Amino acid sequence: MSDVREVIIIGSGPAGLTAAIYTARANLSPLVLEGEPSSTSDQPGGQLMLTTDVENYPGFPDGVLGPELMQNFRSQALRFGAEIQTVKASKVDFSSRPYGVWVGDPDTPEPTHRASTVIISTGAQSLMLGLDREAELIGHGLSTCATCDGFFFRDQEIAVIGGGDSALEEAQFLSRFASKVTIVHRRDELRGSKIMRDRAFENPKIEFRWNSVVDSYEADTSITGLRLSDTKTGEKSLLPVTGVFIAIGHRPNTDLFKGQLELKENGYLVTKADSTRTDVDGVFACGDVQDDYYRQAITAAGSGCMAAIEAERWLENNPL
Ligand code: NAP
């Protein structure tokens, strides 16, 4: 079993690369399958690759560009001997140790790699509207994270798209900075919980555009407005805003693990309390793939560190 790796890390956002730094420094020679650029919302490095300025990552008092931060994570992992392959895992088999990980054709009988432990950090994606120029406008007036980007919109008029708890929470948070927040919802009834609805209705800075869908973004180099259609009357309008926050939900990247690991009803991986352990011994999950609450780069990195330390200790007690 000389070709069995101690650790394979699937995914290369802040969680996966932090796990790589820690396991590499623990002499576990991790192999990182960092993914392949397959669409604008799915690429090695994760969601920070889609952002511009990151001002809330500790250690960067003047802020840092998202892609630059991820390049730093990657260089640091390489420096300590992590092996990084720009490929996607296509199948896993966690039914017995060593665990199998496939790259390429998932019907090949033998796995491409085998490992004593696997750390999963495949992340999640923010659902997007799928409109023209969406990818290029992220970080230029368009955002999927109020906690990350709200600060940039002080005294500006902005819009939040969606009618669930996320949209209501984002709008509430953004109202601390913005002069006005318009929630654009495709129906005339909110999906969000009563307490969040009431808070939004009571907030003098929050307005609603009911039965409204976004047809397109108005933008030069940055957003200047939203072209809307009323779903009942067909009426078209222009909503002048300099910021747009999409809050129509997230999708964890867990398709690969269905039937192998326990998933929550919303598709996120289940990890044990205060731990990154999944329901399979020796398989750990960190970052947004198991976090539907904080969703921050710093919390992802923190849980990547936890996964590395847990994997290392587990390997010590469970050698193959
Ligand atoms: P969600 O509950 O699925 O709501 C998504 C919203 O986006 C819905 O209002 C939906 O409209 C709208 N939407 C979906 N696709 C759209 C599209 N293509 N165009 C326009 N609008 C679209 O998602 P979420 O708000 O992210 O919440 C996910 C879960 O996390 C929920 O269980 C929620 O309660 C929970 N959560 C809780 C809190 C909290 O308690 N503090 C905060 C955030 C989230 P329709 O209503 O018409 O379907």
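The values are calculated or read from the model by the stated rules, or taken from the named source; none is laboratory data. Worth saying up front: this structure is predicted, and the values here are computed from it rather than measured. Here the Cβ positions follow ideal geometry from the backbone for every residue, glycine too, while neighbour counts run over all protein chains shown.
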* Asked: In the range 243-292, what residues are part of a strand (DSSP E or B), more than 22 Å from Arg114 (Cβ to Cβ) and away from the ligand (no atom under 16 Å from the Cβ)?
  -> Gly243
* Asked: Out of the range 65-92, which residues are among the aliphatic types (A, V, I, L, M) and modelled with pLDDT under 95?
  -> Leu65
* Structure fact -> Reported set for the range 235-274 where residues are among the small types (Gly, Ala, Ser) and in contact with a Phe, Trp or Tyr (Cβ under 6 Å, 6 or more places away or on another chain) is Gly243
* To do: Could you check Asp215 against (1) within 22 Å of Arg295 (Cβ to Cβ); (2) within 26 Å of the chain's Cα centre (by Cα) and say which number it fails?
  => (1)
* Count - residues of the range 197-242 that are surrounded by 19 or more Cβ atoms within 10 Å (Cβ to Cβ), within 14 Å of the ligand (Cβ to nearest atom) and of a type outside the set (Phe, Trp, Tyr) -> 6
* To do: Considering only the range 133-235, give the strands (runs of 3 or more DSSP E) lying wholly within it that have at least 1 residues that are touching a strand residue (DSSP E or B) at 6+ places or on another chain (Cβ under 9 Å), modelled with pLDDT of 95 or more and under 26 Å from Thr299 (Cβ atoms).
  => 157-161, 180-184
* Asked: Somewhere in the range 288-301, is a residue in contact with a Lys or Arg (Cβ under 6 Å, 6 or more places away or on another chain) and buried (at least 19 other Cβ atoms within 10 Å of the Cβ)?
  -> yes
* Asked: Can you name the residue in the range 146-160 that is within 28 Å of Lys232 (Cβ to Cβ) and buried (at least 24 other Cβ atoms within 10 Å of the Cβ) and is also nearest to the ligand (Cβ to nearest atom) among such residues?
  -> Val160
* To do: Return a yes/no flag: does the range 74-82 have any residue that is under 22 Å from Val289 (Cα atoms) and of a type in the set (S, T, N, Q).
  => no
* To do: Tell me, yes or no, whether the range 285-295 has at least one residue that is among the small types (Gly, Ala, Ser) and free of Cβ contacts under 8 Å to residues at least 24 places away in the same chain.
  => no
* Could you list, in sequence order, the residues of the range 166-180 that are more than 10 Å from the ligand (Cβ to nearest atom) and under 12 Å from Cys148 (Cβ atoms)? -> Phe173, Leu174
* Matching residues, the range 275-307, being closer than 25 Å to Leu48 by Cα and acidic (Asp, Glu) -> Asp288, Asp291, Asp292
* To do: Give the range 77-92 a look and list any residue that's assigned to a helix (DSSP H, G or I) and either over 21 Å from the mean Cα position of the chain (by Cα) or on the phi > 0 side of the Ramachandran plot (or both), or say none.
  => Leu78, Arg79
* Go through the residues of the range 93-111 one by one and say whether even a single one is in a strand (DSSP E or B) and modelled with pLDDT under 95. => no
* To do: Collect the residues in the range 115-137 that are surrounded by fewer than 24 Cβ atoms within 10 Å (Cβ to Cβ) and of a type outside the set (Gly, Ala, Ser), keeping them in residue-number order.
  => Gln125, Leu127, Met128, Leu129, Leu131, Asp132, Arg133, Glu134, Glu136, Leu137
